[in-house]
Structures are given as structure tokens and as C-alpha cells.
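Let me begin by presenting the structure, written as C-alpha cells, before commenting on it.
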Amino acid sequence: MSSEESLPGRNLGAYLMGYPVEVAFGEDDAAAVFDRYHTPDFVLYNDGIPLDREKLLAHVRPARRRAASVHTELHETLVSGDRVAAKYVLTAVMVKGAVITTEIYMFGQLARDGRLQRVDQLTRLVPAPVVAADPTVLPPQ
């Protein structure tokens, strides 16, 4: 699927499943990947803490070395005009074997071009699923 087809405003599910993999493991620079899907003034309010582009990229760059795999399990998505909402679980398997599973409730606002301009999300860590000894193996779906 092309990046235009997976813009949040066109296919929120494809964005939620593809963006974490692309930004963490893609060949393109993390900033270029970020800019494909988010406006320059994008702000993520994660559990009330505002994270702008620079803060998010500072978080993503080290994750590229620490994560072995990432998986998104979609529960619900909704797009209505310039608003989006989703409930999903994001699981990251780290290179050293730790598994971090986060349940996310996300509400967003889109720019006219279909990129995200703002996201408010609430998160909670949930018990990680059991994974194989090989940290590159994802839990069954």
C-alpha cells in the first residue's frame, strides 16, 4: 500500500498498523517517515503530556536500535470528517527480549490533506502476551 493510501484520513487502520513498523524499521529516515503522515505543527498529547515533532523523533530514533518487532492489534477505528478515533493494542518486542504491550485509546484531528494534525491519547500498559524465546517472533494473533 502506498503512503498516500495509508494516510490516516484515508485508511486509519492501515496507518495504525503500518506507521509504527515503517518509522521503526523502514529504510527512510525517521523524520521523513514522520512527515509523510503528520503535519509540521503536529502535537501528540499522550496521557496529557504534549509531544511535538522533535520530542517524538527523539523518542523514535533510539527505538530503532532497541526494538526487534512491533505489532498493532486493531479493535476499533472511526473516521468522520476531520476527526479520527481508534482503540488498539501496540506490542513491541525489544532486542533484549522484553515485551511492552500498551492499550491505546486515540482521538485525532486531520489536516485537509489527510495527515494527522493533533492526537489526544490515553494509554495503559497491559500484561504482555507470552512470546517465543526468539524476540523477533510476534505473539499469535
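Nothing in this text is a laboratory measurement; each read-out follows from the coordinates by a stated rule. Predicted, not measured: the structure shown is a model, and the values here were computed from it. Every residue, glycine as well, gets a Cβ built from its backbone with ideal geometry; the counts of neighbours run over all protein chains shown.
Largest first and to the nearest Å, give the Cα extent of the chain along each principal axis.
45, 32, 29
Just tell me, in residue order, which DSSP H segments of the chain are both 15 angstrom or longer along the helix axis (alpha-carbon based) and at least 0.5 in mean Kyte-Doolittle hydropathy. Can you show the working numbers first?
Details: long enough: 12-25 (19 Å, 1.13); 53-66 (20 Å, -1.38).
Sorted by number, the helices that extend far enough and score high enough are 12-25.
Is it possible to state the helix-based mean residue ellipticity at 222 nm for the chain, with each DSSP H run of 4+ residues giving -39500 (n - 2.57), the sum divided by total residues, to the nearest 500 deg cm²/dmol? What is it? Can you show the working numbers first?
Working: 3 runs with 36 residues, N = 141.
Mean residue ellipticity at 222 nm (helix-derived): -8000 deg cm²/dmol.
Charges on Cβ only, +1 for Lys and Arg, -1 for Asp and Glu, centred on the Cα centroid of the chain; of His71, Ala111, Pro40, which one is farthest towards the dipole's positive end?
Final value for the positive-end residue is His71.
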